[in-house]
Amino acid sequence: MKVVRLVGKTHVGLTRKDILEKLKKNDGGTFSVVLKNLVMSDFLLPYTSFSENKWQERYKLIDPFCRFHLMFMEGKNPPDDFWQQNVTSGQLNSWRGNAFEELCFSHVPQIKNALGVPQVSTTVSKWTLQGSSSAKGSQIDMIIDRADNIVDLCEMKFSNGQYAIDKGYDLVLRERLQVLSERLPKRKMPHLVFITSFGLKQNEYAGIVQDNITLDDLFVA
């Protein structure tokens, strides 16, 4: 429970070293069993994150009930009309976006199936480029690095209707594609994938997306 509460404080998750240091625990077999049990019971998801020029394995909390309970219930006493008063608040909008991303990370096989590559060997990760005085930072929600030399850059967007890419976001996406392309081996080809709740609106900017996956695709058996 201490590990779940700790990891649940951050959306991107924590490394094994981070967890040990913050809980002031010694590394060893007992701690390994704790992590293994939480992973096998689908409370924690281990994933690879690329940041600060190195790969790191992180653990993120993906159990929906625990996420909800820690954010809105534990240590709090919300009024009866909390949802009516906060339905459009930044807090709830942020939670919806994060919850949708965690839902996607819990359904990677279904995402691969929707992409038509269920049997292709893949590595799933997140990618963060720290900004500096001379360059912008960047982030990609999910990267699916495929053995067929395609790298799917997955952007996850929750909305109450079709999601529309505008001119400003189109520029951001093109910059992300360029930055990642410069760091990929030449044999690798980046593809932009959108995972949305109700699909992508077809406008003058939608052509940048190679594949669009929806909630319906995530819940195919």
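Side notes on the structure shown:
- Output for segment 139-163, where each listed residue is under 19 Å from ARG174 (Cβ atoms) and of a type in the set (Val, Ile, Thr): ILE140, ILE143, ILE150, VAL151
- Within segment 116-142, if we keep just the residues that are over 17 Å from LYS157 (Cα atoms) and either among the hydrophobic types (A, V, I, L, M, F, W, C) or not assigned by TED's automatic domain parsing to the domain that holds GLU155 (or both), the residue that is modelled with the lowest pLDDT turns out to be ALA135.
- Residue that is nearest to the chain's Cα centre (by Cα), among those in segment 199-217 that are outside any loop (DSSP other than H, G, I, E, B) and farther than 13 Å from LEU115 by Cβ: LEU215
- When ASN149, ASN160 are checked against the criterion of being over 13 Å from the mean Cα position of the chain (by Cα), under 30 Å from MET40 (Cα atoms) and surrounded by fewer than 14 Cβ atoms within 10 Å (Cβ to Cβ), a single residue qualifies: ASN149.
- Residue tally, condition free of Cβ contacts under 8 Å to residues at least 12 places away in the same chain and not in a loop (DSSP other than H, G, I, E, B), over segment 1-17: 1
- Here LYS17, LYS25, LYS60, LYS112 are screened, and the one residue that is closer than 17 Å to ASP141 by Cα and not assigned by TED's automatic domain parsing to the domain that holds THR196 is LYS60.
- Condition check for ASN98: in contact (Cβ under 8 Å) with a residue 40 or more places away in the chain, outside the structural domain of ASP145 (by TED's automatic domain parsing) and assigned to a helix (DSSP H, G or I): yes
Yes or no, residue by residue, for (1) closer than 21 Å to LEU20 by Cα; (2) surrounded by fewer than 18 Cβ atoms within 10 Å (Cβ to Cβ):
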residue: MET40; (1), (2): yes, yes
residue: GLU57; (1), (2): yes, yes
residue: LEU61; (1), (2): yes, no
residue: PHE65; (1), (2): no, yes
residue: ASP80; (1), (2): no, yes
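- When restricted to residues that are surrounded by 13 or more Cβ atoms within 10 Å (Cβ to Cβ) and either in contact with a strand residue (DSSP E or B) (Cβ under 7 Å, 6 or more places away or on another chain) or hydroxyl-bearing (Ser, Thr, Tyr) (or both), segment 82-109 contains 6.
- Out of LYS126, LYS112, sole residue that is without any contact (Cβ under 8 Å) to a residue 40 or more places away in the chain, crowded, with 18+ Cβ neighbours inside 10 Å and not in a loop (DSSP other than H, G, I, E, B): LYS112
The values are calculated or read from the model by the stated rules, or taken from the named source; none is laboratory data. In this text the structure is predicted, and so the values were computed from the model without any measurement. Virtual Cβ from ideal backbone geometry, glycine too; neighbours counted across all protein chains shown.
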